[in-house]
Amino acid sequence: MDVSIEKRTSPLQVRVGPLLLKNPLISASGTFGYGEEMEGFLDPGVYGPIVGKSISLEPRKGNPLPRIAETPSGMLNSIGLQNPGFEKFMGEYLPRMRRYGTVLVVNLVGDSIDEYVEMAARLDSTPGVDAIELNISCPNCPVGGMQFGVEPRATEALVRKVRASFRGAILAKLTPNVTDIVPIALAAEAGGADAVSLVNTYLGMSIDWRRRRPRLGGITGGLSGPAIKPLALRLVWLVARACRIPVVGMGGILSSDDVLEFLVAGATAVQIGTAHFVKPRAVLDMLGDLERVVADERLGSISEIVGTLRTERKPITVQGDG
Ligand code: RRO
């Protein structure tokens, strides 16, 4: 075999902080189980990395039914963090996820800083865990989660404490349900995060007016899908301009054009979420398309397109100061 060809890096390879990814497409937490539900559709190992559903220290049963409501160009969820708990995850789900042979990211959520730290410390000494994603943005948790993602000092304190107990990559997953996401992203960076991922879902609700009832058992839920893509794209652009650490973008990505919009806005990689419920094999089309785009645009690598948005004006922000 020609060694020079063997060693050539893939044009889809990207670097997110210390993580070298074979491609920039990541399965989004909560839309992919721990991979096993997707095995009937595709090899979960095709993703750059995979991210499992959020894990909490104790098992959670989740919110009352119904937990999903379709909306125009999107969906609301109110899962309420249903998960098997940390011990069962470590014993049953993690070994299976490792077998997919791709970068593995464990998404964590806690009621307190100590809970995040306890799980992160256990994962630090666990082989095969490349990164953790701190869920500080759950829209359906009565305590914990989002409380660390809406106030910069709380974000920085949490990330700093976790940083001290975990040597792999740390991603902080941010909520769009704030007046200004930029100070939260900067706080995650100051605390030692290697990347920020955004956005988690937008708080919303759906009502069956004839029954005078909410459509979700949890009353409110998190909105995802193409409906939020323009909103997410703007936040990714704002955060990418402000932070030095990489941004992982997400929000309504269904096609390779959607992926490329996020990359041009400044995302180094993207997560695919709601698309799994519509077209579980969508990632395969996207990968083929991205390879063609790299060739057609005569790029050495897909990462050359990251942050190439051309603008002449400052953004309008909630502060009005750009
Ligand atoms: O479980 C959920 O209801 C949930 C979580 Br933890 C999250 O981070 N985002 C979301 O939309 N739903």
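The values are calculated or read from the model by the stated rules, or taken from the named source; none is laboratory data. The shown structure was predicted, so the numbers you read here are calculated from the model rather than taken from an experiment. Note that we place each Cβ from the backbone using ideal geometry, even for glycine, and neighbour counts take in every protein chain shown. With ligands, DNA and RNA removed, areas are computed over all heavy atoms of the protein, side chains included. Shrake-Rupley method; radii C 1.70, N 1.55, O 1.52, S 1.80 Å.
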Note on Pro230: of the conditions (1) closer than 26 Å to Arg313 by Cβ; (2) without any contact (Cβ under 8 Å) to a residue 24 or more places away in the chain; (3) within 16 Å of the ligand (Cβ to nearest atom), unmet is (3)
Those residues of the range 36-52 that are part of a loop (DSSP other than H, G, I, E, B) and either open to solvent by 20 Å² or more (accessible area, probe 1.4 Å) or within 24 Å of Ala267 (Cα to Cα) (or both) come to a total of 7
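Taking strands (runs of 3 or more DSSP E) that do not extend beyond the range 53-110, which have at least 1 residues that are crowded, with 20+ Cβ neighbours inside 10 Å and away from the ligand (no atom under 15 Å from the Cβ)?
Working: elements: 68-71, 74-77, 103-108.
So the answer is 103-108.
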### Query
Going by the conditions given, is Pro127 part of a loop (DSSP other than H, G, I, E, B) and closer than 22 Å to Gly17 by Cα?
yes
The condition from (1) touching a Lys or Arg at 6+ places or on another chain (Cβ under 9 Å); (2) modelled with pLDDT under 95 that Glu37 misses is numbered (1)
Scanning the range 1-32 for residues that are modelled with pLDDT under 95, surrounded by fewer than 21 Cβ atoms within 10 Å (Cβ to Cβ) and not small (Gly, Ala, Ser) gives Met1, Asp2, Val3, Ile5, Glu6, Lys7, Arg8, Thr9
| task | State yes or no: is Leu231 in a strand (DSSP E or B), at pLDDT 95 or above and surrounded by fewer than 17 Cβ atoms within 10 Å (Cβ to Cβ)? | result | no
Within the range 106-143, restricting to residues that are closer than 24 Å to Ser78 by Cβ, modelled with pLDDT of 95 or more and among the aliphatic types (A, V, I, L, M), the one that is farthest from the chain's Cα centre (by Cα) is Met119
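Pull up the range 117-167, narrow it to residues that are of a type in the set (S, T, N, Q) and closer than 16 Å to Lys53 by Cα, then point me to the one that is nearest to the ligand (Cβ to nearest atom).
Step one: list which residues in the range 117-167 are of a type in the set (S, T, N, Q), which gives 125-126, 135, 137, 140, 147, 155, 165.
Remaining after also requiring closer than 16 Å to Lys53 by Cα: 135, 137, 140.
Numbers: Asn135: 5, Ser137: 6, Asn140: 4 Å.
Among those residues, the one meeting the criterion is Asn140.
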Taking the range 168-227 and keeping residues open to solvent by 40 Å² or more (accessible area, probe 1.4 Å), within 16 Å of the ligand (Cβ to nearest atom) and of a type in the set (Val, Ile, Thr) leaves Ile219, Thr220
Leu254 meets each of (1) touching a Pro at 6+ places or on another chain (Cβ under 7 Å); (2) open to solvent by 40 Å² or more (accessible area, probe 1.4 Å); (3) in a helix (DSSP H, G or I) with one exception, condition (3)
Over the range 61-84, the set of residues over 21 Å from the mean Cα position of the chain (by Cα) and under 30 Å from Arg122 (Cα atoms) is Lys61, Asn63
